[in-house]
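The values are calculated or read from the model by the stated rules, or taken from the named source; none is laboratory data. Just so it is clear, the model here is predicted, and its values are computed rather than measured. Neighbour counts run over all protein chains shown; Cβ positions are idealised from the backbone, glycine included. Surface areas here come from the heavy atoms of the whole protein model, side chains and all, with no ligands, DNA or RNA. Shrake-Rupley method; radii C 1.70, N 1.55, O 1.52, S 1.80 Å.
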Amino acid sequence: PVTSFKAVGGVARNIAENLGRLGIKTSLLTALGDDVDGEWLVENSKQWMDMSFSITFPSATTGNYLAVLDDSGEMQIGFADMDICDLVEFSQIEDRWNVIKAASYVLIDLNFPEETIASIIRKCHQDDIPLIVTPVSVPKIHKLPENLAGIHLLIANRGEIMEAAGLDESESLEEAVER
């Protein structure tokens with residue numbers, strides 16, 4: 001027997017919600033399936049952010065994450081179904097660039113394809129838009145280009161920084177950040 005519950009989430013979505021709760025006008029451009037979960041996500045997010053610029057893929061499933069927690073609330077295993085994000089091409093982002101260009105800051109996570117991420121970084125740099133990047137997981141840190149020009153702020157945990165630097169957890173965090 002288990003107890004389960006469904007909650008809205010996603011790193012970028014959660015940041016957008018918190019900004020919205022602070023009264024900051026926020027938009028979230030994400031990938032949605034034309035499914036019940038996509039509708040549920042929009043319905044449970046629209047109070048805090050504008051999601052009207054999101055990209056809907058009729059034949060895809062809205063991304064989801066399943067976490068199995070122990071009795072103390074510690075995650076034992078997590079399953080991420082984010083395949084829909086692989087469908088996002090930079091041309092779809094560029095079609096919505098007027099919204100991005102009007103932003104004070106842009107935050108991206110690293111769920112999109114590597115070439116889409118690199119194009120967003122390049123275009124934000126070209127248009128002088130402060131860009132914040134959050135990897136969301138250790139494996140996804142490798143989607144960052146080697147040259148970080150154009151990234152205003154990188155929000156990463158220790159594991160992500162160590163992986164990006166090619167160091168293991170026993171080595172110095174300061175050395176990893178320097179690299």
* **R0 of 22 Å, Cβ-Cβ distance Asp34-Lys6: FRET efficiency to nearest 0.05** => 0.70
* Distance in nm between label sites at Asp95 and Asn157, each 7 Å beyond Cα in the beta-carbon direction? -> 3.5 nm
* Taking region 1-93, which trypsin sites (Lys or Arg not before Pro) meet the DSSP loop condition and have no more than 14 other C-beta atoms within 10 Å? -> Lys6, Lys25, Lys46
* Taking amide H positions as placed 1.01 Å from N in the peptide plane, with prolines and chain starts having none, which residues 5 or more places from Ser54, or on another chain, fall under 5 Å of its amide H? -> Thr30
* Structure fact -> Given a 1.4 Å probe, the accessible area of the chain per residue, as a whole number of Å², is 62 Å²
* Residues whose placed amide H lies under 5 Å from that of Ser27, excluding near-sequence neighbours -> Asp50
* Asked: Which whole-number percent gives the relative contact order of region 110-179, counting Cα pairs below 8 Å spaced six or more residues apart?
  -> 29 percent
* Structure fact -> Once amide hydrogens are built 1.01 Å from N within the peptide plane, the residues lying 5 or more places from Leu154 or on another chain with amide H under 5 Å from its amide H are Val133
* Relative contact order computed over the chain (Cα-Cα under 8 Å; 6+ residues apart), in percent -> 13 percent
* Which whole-angstrom value gives the distance between the alpha carbon centres of region 1-30 and region 106-145? -> 19 Å
* Asked: Gln47 versus Arg179, label points 7 Å from Cα toward the beta carbon: distance in nm?
  -> 4.4 nm
* To do: Specify which residue in the list Val8, Asn64, Tyr105 is farthest towards the positive end of the charge dipole of the chain, using unit charges on the beta carbon of Lys, Arg (+1) and Asp, Glu (-1), about the Cα centre.
  => Tyr105
* Protein accessible area in region 29-179, 1.4 Å probe - carbon and sulfur % -> 50 percent
* the chain - mean residue ellipticity at 222 nm from DSSP helices (-39,500 (n - 2.57) per run, n ≥ 4, rounded to 500) -> -8500 deg cm²/dmol
* To do: Could I have the simple spin-label model distance between Gln126 and Asp81, label points 7 Å from Cα toward Cβ, reported in nm to one decimal?
  => 3.7 nm
